[in-house]
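The values are calculated or read from the model by the stated rules, or taken from the named source; none is laboratory data. Just so it is clear, the structure is predicted and the values come from calculations on it, not from any experiment. Every residue, glycine among them, receives a Cβ derived from its backbone with ideal geometry; neighbour counts consider all protein chains shown.
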Amino acid sequence: MKEEERRVEYRLVKGSRGPRRDFRITVGLREGWDPEGRVYDVSEAVRTAKAWMRRRAEARQPALSGMFARAEVTYAWRRQDDSVGSDREPVAIFAGEAVHAYLGALPDEEIEAMLNELAAELGQALGQERIYVAFCDRTWILDRSEDGREETL
């Protein structure tokens, strides 16, 4: 005889309702701009992020949590001689939410600072020149170039 299924009820967690604050960091897995550059596995990005999270937790600082996925960015461009080029590049995407129940008291500026900190560590570990970041309704690009084009973190 089958056991009767028991219905499990879920309730809203007190203090968990709040504004949605999604984020995403997209970092290349192919080192540098060279098509022959080393291609890292997404597990390298995961290891780097986990180490960053752990250091922050040990220092009693808040940390972001999220999910990694491997994807490919595809793009095209017009060259100076008017011909067209196209390519694709493997990327790791770290996506999540600044969950209100855990990070709701932090202002957007602090979340952005954490995103920039983590993005810079991911970029360094994976040999990247640029890292693409999105938070709520804003996006920005972090660039490692040494030509002084923009402000540094």
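Assorted remarks:
- Meets criteria (in a strand (DSSP E or B), of a type outside the set (Gly, Ala, Ser) and without any contact (Cβ under 8 Å) to a residue 60 or more places away in the chain) for Val91: no
- Scope the stretch 15-36; condition over 18 Å from Ile141 (Cβ atoms) and of a type in the set (S, T, N, Q); matching residues: Ser16
- Of the residues Ala69, Ala120, the single one that is in a strand (DSSP E or B), closer than 22 Å to Leu142 by Cβ and of a type in the set (Gly, Ala, Ser) is Ala69.
- Scanning the stretch 37-66 for residues that are on the phi > 0 side of the Ramachandran plot and part of a helix (DSSP H, G or I) yields nothing.
- Leu64, sole failed condition from (1) under 26 Å from Arg17 (Cβ atoms); (2) over 18 Å from the mean Cα position of the chain (by Cα): (2)
- Any hit, the stretch 128-146, residues being of a type in the set (Phe, Trp, Tyr), over 13 Å from Arg24 (Cα atoms) and not in a loop (DSSP other than H, G, I, E, B): no
- Selection count, the stretch 94-117, where residues are under 23 Å from Arg47 (Cα atoms) and in a loop (DSSP other than H, G, I, E, B): 2
- For the stretch 13-44, filtering for residues that are under 24 Å from Asp108 (Cβ atoms) and either out of contact with any Cys (no Cβ under 9 Å at 6 or more places or on another chain) or surrounded by 11 or more Cβ atoms within 10 Å (Cβ to Cβ) (or both) leaves 13.
- Selection status of Ala105, in contact (Cβ under 8 Å) with a residue 12 or more places away in the chain and aliphatic (A, V, I, L, M): no
- If you filter the stretch 11-51 down to residues that are farther than 21 Å from Met114 by Cβ and among the β-branched types (Val, Ile, Thr), you find that the one that is farthest from the chain's Cα centre (by Cα) is Val13.
Rundown of residues vs (1) under 26 Å from Arg38 (Cα atoms); (2) under 13 Å from the mean Cα position of the chain (by Cα); (3) at pLDDT below 95; (4) of a type outside the set (A, V, I, L, M, F, W, C), yes/no style:
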site: Ala71; (1), (2), (3), (4): yes, yes, no, no
site: Asp81; (1), (2), (3), (4): no, no, no, yes
site: Glu89; (1), (2), (3), (4): yes, no, yes, yes
site: Val99; (1), (2), (3), (4): no, no, yes, no
site: Ile131; (1), (2), (3), (4): yes, yes, no, no
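- Cβ-Cβ under 6 Å pairs, at least 6 apart or on other chains, the stretch 113-126 side in contact (Cβ under 8 Å) with a residue 60 or more places away in the chain, far side polar (S, T, N, Q) and surrounded by fewer than 17 Cβ atoms within 10 Å (Cβ to Cβ): none
- Meets criteria (over 23 Å from the mean Cα position of the chain (by Cα), part of a loop (DSSP other than H, G, I, E, B), more than 28 Å from Ile111 (Cβ to Cβ) and without any contact (Cβ under 8 Å) to a residue 40 or more places away in the chain) for Arg7: yes
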